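Q: Structure below; questions to follow.
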Amino acid sequence: MPTTYTDLLASVKKRTKDVSLDELKRRLDAGEKLTVVDVREKEEFRTGYIPGAISIPRGFLEIQVEGKLADKSAPIVTVCAGGTRSALAAATLAELGYTNVETANPGMVRWKDLRYPMEQPAQLTDAQRDRYSRHILLPEVGEQGQAKLLQSKVLLLGAGGLGSPAALYLAAAGVGTLGIVDADVVDASNLQRQILHATSRVGTPKVESAAKAIADLNPDVKVVAHEDRMTSSNVERLFKDYDVVVDGTDNFPTRYLVNDASIFLGKPVVHGSIFRFDGQVTTFIPEKAAKRFGVEQSPCYRCLYPEPPPPHLAPSCQEAGVLGILCGIIGTLQATEAIKLLLGRGTTLGGRLLTYDSLKMKFRELKLRRDPNCPACGSSPTITSYIDYEGFCAIG
Ligand SMILES: [Zn+2]
């Protein structure tokens, strides 16, 4: 048994496998799947770290590592400032059953001198670290992801049944800018499902009511109110500043405008709709957005329905009933899709239509296919400008 620190370190060095900084950089550049665990203290980590590294200070290693790194056979490289703490950390990880651990030698001081790539951590305030702590604890979000959300802009089409839960969760999540397009006024009959609004705000514009609810929930969020109906003349102006569009509208003219703008401007659209007890969600990812978000291009709305239906086949405009809570489920799924896109995590609903039957309590999934002859996103598109379709419906 070692008796002094020098003995202990010598024994640890014998048991751990070193990787040089050149070698580590080469492997990271080659895209090798390995997790860099930075065991420096939080304050040291905040001065800059290897891109993609996760932070577990040495003193918290045993306590936190299993929560952050579930796969004990996945390759891990520990790193600290000079190579000592990281070697001790590597030995500890081996004792905890991690089988593929190396330690960077030396460490970040040298890495910095070599001017190898470093990432600066997000500058969150203490209040933000506290507010979003449950996000920050997720390695898939972390401080970087949270900072990304705070810089993100989502446009909500409609502050009604779907827009309400979506807006509340996006605001709670700290999406920094929420644009809301809605020309309506809060009515008492909305309150059974449109949870952004309140009895005290009946009669006020929905965008105003929404802004109030969001300001109360999370002052980090800037609400941009667009008290307007979307038409071919304003759709580009409305879309252009946003990263993701969450569509909760329920009429054909808007659906086609949204689709065409999404393709022209390269904006992903998370689409949701509801009817009585049933709902559905899918995400439309046009070619330009696919590149930007690092995901696959999906079919567009016109791949499925190239033109609006003839009036005699259009759904009735008679007010249909809807289970209020169904809006919460579908709108929340839409918010989840938006957050995933913004964080670049998980698999989107691109090319998949998720349907939900609340009476049977069943989710189903339908595959959606791109139409190579689609008039909007096909190889030779015929739709190159916006069309204002008549808002029509069959007499029901
Ligand atoms: Zn298409």
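FYI, it's all coordinate maths here, none of it is from the lab. Please read all numbers here as calculations on a predicted model, not as lab measurements. Quick reminder, even Gly has a Cβ in these numbers, built from the backbone with ideal geometry, and neighbours come from all protein chains shown.
Q: Please state, rounded to one decimal and in Å, the Kirkwood hydrodynamic radius that the chain gives when every pair of distinct Cα atoms enters the mean of 1/r.
A: For the chain, the Kirkwood estimate is 23.7 Å.
Q: Can you tell me which of Ile195, Ile76, Ile63 moves the most in a GNM of the chain? Springs connect C-alpha atoms under 10 Å apart.
A: Evaluated over the chain, the most mobile residue of the options is Ile63.
Q: Could you tell me which of rounded, prolate or oblate describes region 78-203, using a ≥ b ≥ c as the square roots of the eigenvalues of the alpha-carbon gyration tensor, with rounded for a/c under 1.5 and, failing that, prolate when a/b is larger than b/c and oblate otherwise?
A: prolate
Q: Normalise the Cα radius of gyration of region 215-268 by 2.2 N^0.38 Å (N = residues in it) and let me know the number.
A: Relative to the rule-of-thumb radius for its length, region 215-268 sits at 1.25.
Q: What net charge is computed for the residues neighbouring Ala198, neighbours being all others with C-beta under 11 Å from the C-beta of Ala198, Lys and Arg scored +1, Asp and Glu -1?
A: Working: positive: Arg201, Lys212; negative: Asp216.
It works out to a net charge of +1.
Q: Something else about it: Tell me the trypsin sites (Lys or Arg not before Pro) within region 57-111 that lie in a loop according to DSSP and have at most 16 other beta-carbon atoms within 10 Å.
A: Those that pass, being in a loop and sparsely packed, are Lys72.
Q: Once you order the gyration tensor axes a ≥ b ≥ c over the Cα atoms, which shape class does region 32-84 get: rounded for a/c under 1.5, otherwise prolate or oblate by comparing a/b with b/c?
A: Taking the square roots of the gyration eigenvalues as a ≥ b ≥ c, region 32-84 is oblate.
Q: Restricting attention to region 40-110, which GluC sites (Glu not before Pro) occupy a DSSP loop and are surrounded by at most 16 other Cβ atoms within 10 Å? Working shown, then result.
A: Details: sites: Glu41, Glu43, Glu44, Glu62, Glu66, Glu95, Glu102; in loops: Glu41.
Within region 40-110, the qualifying GluC sites (Glu not before Pro) (loop, at most 16 other Cβ atoms within 10 Å) are Glu41.
Q: When only Cα pairs under 8 Å and 6 or more residues apart are kept, what is the percent relative contact order across the chain?
A: Result for the chain is 13 percent.
Q: Note down the nm distance, to one decimal, between modelled labels 7 Å out along Cα→Cβ at Gln120 and at Val224.
A: Placing both labels 7 Å beyond Cα along the Cβ direction yields 2.5 nm.
Q: Then there's this: In region 233-318, what chymotrypsin sites (Phe, Trp or Tyr not before Pro) fall in a loop by DSSP, with at most 16 other Cβ atoms inside 10 Å?
A: Loop-located and lightly packed - Phe277.
Q: Over all directions, how big on average is the projection of the convex hull of the alpha-carbon atoms in region 257-396, in square nanometres?
A: Mean projected area for region 257-396: 9.1 nm², to one decimal.
Q: What 222 nm value per residue comes from the helices of the chain, counting each DSSP H run with n ≥ 4 as -39,500 (n - 2.57) and dividing by all residues, nearest 500 deg cm²/dmol?
A: -10000 deg cm²/dmol, from helical runs alone.
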